[in-house]
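Participant: Below you'll find the structure I mean.
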Amino acid sequence: MTTVGRRALLTAGAAGTAMTLAGCTSGGEEGPRKPTAAERAAAAEAALRARSATTSRDLLLRYDAVVHAHPALAARLAPLRASVAAQVKALAEGGTAAAPGPAASSSVPAPSSASPSPSRSLAFVRVPADPAAALRELAAAVRATADTHTAALLTAPPEYARLLASVAASGAAHAYLLTEGGRG
């Protein structure tokens, strides 16, 4: 999915541009002001939050595509989709000064809803015609998303790392429910 890569690159570029512009002064000082360690950490966290939220938004889009292609799976997928929608919101909220939560100030704008980006369309998500195959592919996407969040733990600040770990663990449970949990 090259769109995720481009979006992450644009987000990182925007954060870098903002940091560069923040360093510019009109006071006649020589050269731009170098960002402080705290400013660099805040920019890195903002970029990580944007990437993590985008990764989960892409998963949410995949849930929507499967439900659209196989309406009979809607009831089974509804609680899992709702969980992913809540994760998208939590991953995008907050900043370095506060833990993610409803009252936290945001260094990255939270999405207005947990819906996928309007620029992305269900038509671009290929869903197998067989419902069982669609669930297997969805489970694989859930596992890949959880793996991405797990890998992000290495660079995340402690509070955000806890959230990422929780989201990744939830993904593992979702993958189980999508595959093994449906048998019986």
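Participant: So what are the ³J(HN,Hα) numbers for the stretch 155-171, from phi and the Karplus equation (6.51, -1.76, 1.60; θ = phi - 60°), rounded to whole Hz, Gly and Pro as x?
Facilitator: So the Karplus estimates, Gly and Pro as x, are 10, 7, x, x, 5, 6, 4, 4, 5, 4, 5, 5, 5, 5, 5, 4, x Hz.
Participant: To continue, here is another question. What length, rounded to one decimal in nm, is gained on full extension from A140 through to R162, with 0.36 nm per residue of separation minus their alpha-carbon distance?
Facilitator: Values: separation 22, 0.36 × 22 = 7.92 nm, distance 2.31 nm.
Extra length from A140 to R162 when fully extended: 5.6 nm.
Participant: Follow-up question, since we're still on this one. How high is the FRET efficiency from E180 to A41, r the C-beta distance, R0 35 Å, rounded to 0.05?
Facilitator: Values: r = 40 Å, r/R0 = 1.15.
Given R0 = 35 Å and the Cβ-Cβ separation, E is 0.30.
Participant: Provide R51, R40 in ascending order of the number of other Cβ atoms located within 10 Å of each residue's Cβ, fewest first. Mind dumping the intermediate values first?
Facilitator: Numbers: R51 21, R40 13.
Fewest-to-most ranking of R51, R40: R40, R51.
Participant: Please give, to one decimal in nm, the separation of the simple spin-label points placed at A72 and T150, each 7 Å out from Cα toward the Cβ.
Facilitator: 3.3
Read-outs: derived from the displayed coordinates by stated rules, not from any lab. Nothing here was measured: the structure is a model prediction, and the numbers come from that model. Cβ coordinates were reconstructed from backbone atoms using ideal geometry, including for glycine residues, and neighbour counts include every protein chain displayed.
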